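Worksheet: the structure to be examined is printed underneath.
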Amino acid sequence: MAQEILKSLKAALWFMFLTFPIMVIKVNTVYKTIEWRWMNMIFIGVGIFVGSFIWRWLLNRKDRPVAKKDFVPVSTRVQAYLAENPMAKRALQGVLLAALLCFPIFMDAYQINIFTVALMYIVLGLGLNIVVGLAGLLDLGYVAFYAVGAYTYALLNTTFGLSFWLVLPIGGALAAIFGILLGFPVLRLRGDYLAIVTLGFGEIIRLVLENWNDFSHGPSGIAGIDKPDFFGLELNLNQMTDAIYYMMVAFTIITIFFVGRLQNSRIGRAWLALREDEIACQAMGVGRTRTKLMAFALGATWAGLMGVVFAAKTTFINPASFTFLESAIILSIVVLGGMGSIPGVILGALIMILLPEYMRSFSEYRMIVFGGAMVLMMVFRPQGLVSNFRRKYSFHGVDERLGG
Amino acid sequence: MENILEVKGLTMDFGGLRAVDSVDLYVKPKEIVALIGPNGAGKTTFFNCVTGIYTPTKGDILVSSNNGSAVRINGFKPNRVTERGLGRTFQNIRLFPNMTVLENVMIGKHCRLSAKIFGALFRDKKTRAEELKAAQECYTILEKLGLEKACDELASNLPYGDQRKLEIARALATEPKMLLLDEPAAGMNPQETVELTHLIRRIRDTEQIAILLIEHDMKLVMNLSERIYVMDHGQKIADGTPMEIRNNPEVIKAYLGEDIDA
């Protein structure tokens, strides 16, 4: 205890010294006077002392062995409860669905728009989750596939007049092909090296779109893209917002459903094994090439589909929408929420997209809060907000479980 | 081909270092064969060449196929080798720590299942039946090794000895014709080693498969194996029955006077 206080005291003194020039001395160049703000030094000293003390206390608490052993995270307990009580699970799903469906009735177009964007990021997060969370392939260029989908719809629609619903599968398929194209050269890479190559790939796609004027109209982008067509109905702006919202709700549900099934399938298991130990995984008869390419292709498909939706929703796209920052946000969603966990990714997307929207008054501090939150996450909960929960098999009722 | 595995003149170079130098070896069906030698003799490299993790510089690795003809598997990817019926374990345990025990074994079944992407997405009747069958078969394997109670535990939560057993279970799930065990008794106490000896013999008897094992525990090797190969500095220095090896002066020299009866 005394040692902790001493350490915090040292940190406080050190910070008082470091911040002395900027926090204490204020030079007034007009009157050529120096103002000494000694109070600031005291504030910093006390602040750092308290902060450092709390920080140390949290770190100690985290490392305490007893706490670690008996500690089951709340998220795991909730998931275990839901897995054991299908009724409770159904009820929760029903409530959530009802809330989602009723949402537009009570909210204005602005709110609905924000929520539509959040849903899009949920789908993007779930797509990237296949690559990063399940297969363990760190992909920093995910936004490239999003761009492929968006430009597919933009170009096919403006030049050939193809409809949204027709281009949707084309965009997804094209993104999947790009996923395989990226996958081939990086089959042997892992970790940092893979991250660098995918980062490069993302930038290549963006630079091509930015510079190939004849093809993509360069930085000025493509305008006048058709909104999606809903059974030929004439919709005004508000109705269109609602319609796109409902479409995204449907999309999200389908994605959750499919990703959940993938996760608990033969392929999903192979992805997990690949993430855990590549050599052992191969030695146990899992083909690395196939499994990796499948992860890239499937992850990319969802990004492609969302790209098409994005282009149709905004009616205007340019390469500025597909920068590295976008990849970073989607990756943060996956990491923050919990790698490989569907509820985690949903929670992550809601936090990452909704919080900045509703905290516009703090928008100047957004990046610093964002960075700080990431550091705290990595120190205290590296596994993400919601830890990955593995399905249990019971060998009496195995038929029902697998049938689900 | 009457042998289940036949290796001829296997050589593996790492740059200027010859880790395995023209080694010959064969294993007959249902035979337990041991590969021994001092540390750094090239035993694990030999295993890695046979199971496709390394591509050997020279030599032939022949595996008998189902119709009896020999297939040369040099340069096959590890998963193709496994499909040919060679299942292996690792010297330093390489389980999938964040997957459950059952899932670990089900990965072994992977190459015997056929569910594709659409099966996974739409979970049709065939896929469901296949998954169910696989899960049950894997559970049966766990029962054989006495791990069925831990089936929903994460693999990393198992005690050390059970992790070793789980590696064997996972290799068995690949439906091998031959099992390659890389130091299965490493880190086990004498009691556990005795149990392991019985386990390996039981596996051979019930599954009717051949077993090739690398081991340092001489008691286990002498008790268990029908034939022994001895390697030193990448070369095969002796082969024969346990009795012959025990009295072979070359072998005793290689072990630097170590009492191999110990």
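Where in the stretch B:73-147 are the helices (runs of 4 or more DSSP H), entirely inside, with at least 2 residues that are touching a residue at least 12 places away in the same chain (Cβ under 8 Å) and closer than 21 Å to residue A:260 by Cβ?
Working: elements: B:78-83, B:101-109, B:117-122, B:125-144.
The helices (runs of 4 or more DSSP H) meeting that bar are B:101-109, B:125-144.
Tell me which of these residue B:187 doesn't satisfy, since it passes every other one: (1) closer than 22 Å to residue B:53 by Cα; (2) in contact with a Phe, Trp or Tyr (Cβ under 8 Å, 6 or more places away or on another chain); (3) assigned by TED's automatic domain parsing to the domain that holds residue B:225.
That leaves (1) as the condition not met.
To keep it simple, each residue is scored yes or no on (1) without any contact (Cβ under 8 Å) to a residue 24 or more places away in the chain; (2) under 15 Å from the mean Cα position of the chain (by Cα); (3) within 28 Å of residue A:223 (Cβ to Cβ).
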site	(1), (2), (3)
A:287	yes, no, no
A:300	no, yes, yes
A:326	no, yes, yes
A:339	no, yes, no
A:360	yes, no, yes
A:380	no, no, no
A:386	no, yes, no
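Are any residues in the stretch A:358-375 charged (D, E, K, R) and over 16 Å from residue A:336 (Cβ atoms), and if so, which ones?
Filtering the stretch A:358-375 down to residues charged (D, E, K, R) leaves A:360, A:364, A:366.
Within the stretch A:358-375, A:360, A:364 meet the criteria.
Does the stretch B:39-47 contain at least one residue that is hydrophobic (A, V, I, L, M, F, W, C), buried (at least 18 other Cβ atoms within 10 Å of the Cβ) and within 14 Å of another protein chain (Cβ to nearest Cβ)?
yes
Looking only at residues that are more than 8 Å from chain A (Cβ to nearest Cβ) and within 24 Å of residue B:169 (Cβ to Cβ) in the stretch B:113-129, which one is modelled with the highest pLDDT?
Among those that are more than 8 Å from chain A (Cβ to nearest Cβ) and within 24 Å of residue B:169 (Cβ to Cβ), it is B:129.
Quick check: is even one residue across the stretch A:281-301 under 30 Å from residue B:179 (Cα atoms) and touching a Phe, Trp or Tyr at 6+ places or on another chain (Cβ under 7 Å)? I'd like the intermediate steps shown before the answer.
Applying the first criterion (under 30 Å from residue B:179 (Cα atoms)) to the stretch A:281-301 yields A:281-294.
Now restrict to residues that are touching a Phe, Trp or Tyr at 6+ places or on another chain (Cβ under 7 Å): A:291.
So far as the stretch A:281-301 goes, yes, one or more of its residues are under 30 Å from residue B:179 (Cα atoms) and touching a Phe, Trp or Tyr at 6+ places or on another chain (Cβ under 7 Å).
Have a look at A:120, A:107, A:87 and point out the one that is buried (at least 17 other Cβ atoms within 10 Å of the Cβ) and either of a type in the set (A, V, I, L, M, F, W, C) or touching a strand residue (DSSP E or B) at 6+ places or on another chain (Cβ under 8 Å) (or both). Give the derivation first.
Numbers: A:107 fails: buried (at least 17 other Cβ atoms within 10 Å of the Cβ); A:87 fails: buried (at least 17 other Cβ atoms within 10 Å of the Cβ).
One residue alone meets the criteria, A:120.
The values are calculated or read from the model by the stated rules, or taken from the named source; none is laboratory data. Treat the numbers as computed from the prediction; the structure is a model and nothing was measured. Note that we place each Cβ from the backbone using ideal geometry, even for glycine, and neighbour counts take in every protein chain shown.
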